[in-house]
Every structure is written in structure tokens, then in C-alpha cells.
Amino acid sequence: MYTGIDPDKNQVQNVAYPANLSDPYLRQWVKPDYNPIISPDHGINASAFRDPTTAWYGPDGLVVGTKENMKGIAVLYRSRDFKKWVKN
């Protein structure tokens, strides 16, 4: 998971997969054509929508940082297939 920029200069969330899992250094990555997997929807600050992590909510959850009224917030998303995500 990583933050990217779309053509409108909005921050979006993307995914990449190791090209060769047997490479101990994971030097090559594949970016699927269905990126971005999450774009900021209405009410999300598109210029501060970054730093995705799955560490906080397990294998089907993703937290993305953003801000609202000059305060940092975390937005939780869920997915069953790691392709289509729903904001909780």
C-alpha cells in the first residue's frame, strides 16, 4: 500500500505486489491496472489523504490519515478482496 497522486493532483491509495516472492530483497514490484484502490470521496481532504496502514485493524481493514478542521483524523476502510474498499 502506498500513497500516489492522480491526474487532478489528489492523493490516492494504491497497491503493489512483489513480482517474485522468492527474492529475499523484493526488488521488483507489480502495480495492477486497477489502481488507485481508494480515492478520497466527498468530505475527505484530497490534498491530505495519505499514509495507509493495515497494522491497526487486521487483514480486512485499512486506515488512511487525513485532516478535518486543522485536526488529524484516521479514516477506516474495509475490503474483502483488497481491490474494492468501503469507508466505515
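Summary of values
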read-out	value
Any chance residue 84 is modelled with pLDDT of 90 or more, surrounded by 10 or more Cβ atoms within 10 Å (Cβ to Cβ) and of a type in the set (Lys, Arg)	yes
Counted residues, segment 63-81 - those being part of a loop (DSSP other than H, G, I, E, B) and within 16 Å of the chain's Cα centre (by Cα)	3
Search result, residues across segment 39-88 that are closer than 16 Å to residue 2 by Cα and of a type in the set (Val, Ile, Thr)	53, 54, 63, 64, 66, 75
Qualifying positions in segment 2-32 - assigned to a strand (DSSP E or B) and either of a type in the set (Gly, Ala, Ser) or closer than 22 Å to residue 55 by Cβ (or both)	2, 3, 4, 11, 12, 13, 14, 17, 18, 29
Of the criteria (1) at pLDDT 90 or above; (2) of a type in the set (A, V, I, L, M, F, W, C); (3) surrounded by fewer than 15 Cβ atoms within 10 Å (Cβ to Cβ), which one residue 70 fails	(1)
Qualifying residue in segment 33-50 (condition: outside any loop (DSSP other than H, G, I, E, B), surrounded by 15 or more Cβ atoms within 10 Å (Cβ to Cβ), touching a Phe, Trp or Tyr at 6+ places or on another chain (Cβ under 9 Å) and among the polar types (S, T, N, Q))	no
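The values are calculated or read from the model by the stated rules, or taken from the named source; none is laboratory data. Note that the structure is predicted; figures quoted are calculated from it, not measured. No Cβ is skipped: glycine too gets one built from the backbone with ideal geometry, and neighbour counts run over all protein chains shown.
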